[in-house]
Structure formats: structure tokens, C-alpha cells
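Colleague: This is the structure I want to talk about, given as C-alpha cells.
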Amino acid sequence: MDSYKCAEYIAYILDQPEILCQLAEELTEAAQAALKLARAMKGTNPTPLTVQQAKTMLNEELADVNACCACVTGLDFERMDMLSWKKLNRWATRIAKNIAQNVAKGIDKDS
């Protein structure tokens, strides 16, 4: 069975609130995996995971989130992509503005 058919089947068998609960659980696990990766990268609050192991864990959790999203009826993935690009642009613009303000104040990013 291909992934589209699997998502259709799951959405048929489970009601949307059940799928949304699963999505919320997976989002929480993805958030925890992101925090674990940050700890592995920073090294100041040690974790037994290597950076690569933590990246693998985050990748797995985000795949779970994507799988759940595929089962939520009525999501507009094209619109999500467009919104993501707008949000990335806004985020990059804010970072650039902050850097420019710090440069004007004589503040070094690493100080």
C-alpha cells in the first residue's frame, strides 16, 4: 500500500481528534528531540547522545509529525509551503536587521 493510501486508510479508521492527539504527541517528541540536539551541539549540559545520533532522532520524530499531518483531513500543504517561505523571509529579515543594529552600536555577535 502506498503512503497516500495508508494515510487515507488511517483517516478513515481513526477519527480526526484521535489523529490530532497523535500529532500533538509526535510534536512534543520532536520538540524534545530538538532540545536534545541543541544540548549535544552545545555540550554545556551533557547528553549521552552524539550530535549525529540526536540529528537522527530529530529526523525520526519529524517524520512521525509528517506522517500524522498526512492523515489530518483538510490541511492545505501548498499553502503551508507558501507560508513557510514567507515566515523564513520574515525571520531572515529580522536577523539581518538585528545584526545591522548591533554593528551600528559596535556590538560584536560573539562578545
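The numbers here are math on the coordinates, done by the rules we state, and not lab data. Since the model is a prediction, treat every value here as computed from it, not as a measurement. Cβ placement follows ideal geometry from the backbone for every residue including glycine, while neighbour counts extend to all protein chains displayed.
Colleague: Given the criterion among the charged types (D, E, K, R), surrounded by 13 or more Cβ atoms within 10 Å (Cβ to Cβ) and part of a helix (DSSP H, G or I), identify the matching residue among ARG39, ARG94.
Modeller: Answer to the selection: ARG39.
Colleague: Hey, another quick one. Checking THR47 against (1) assigned to a helix (DSSP H, G or I); (2) polar (S, T, N, Q); (3) in contact with a helix residue (DSSP H, G or I) (Cβ under 6 Å, 6 or more places away or on another chain): exactly one of these is not met. Which one?
Modeller: (1)
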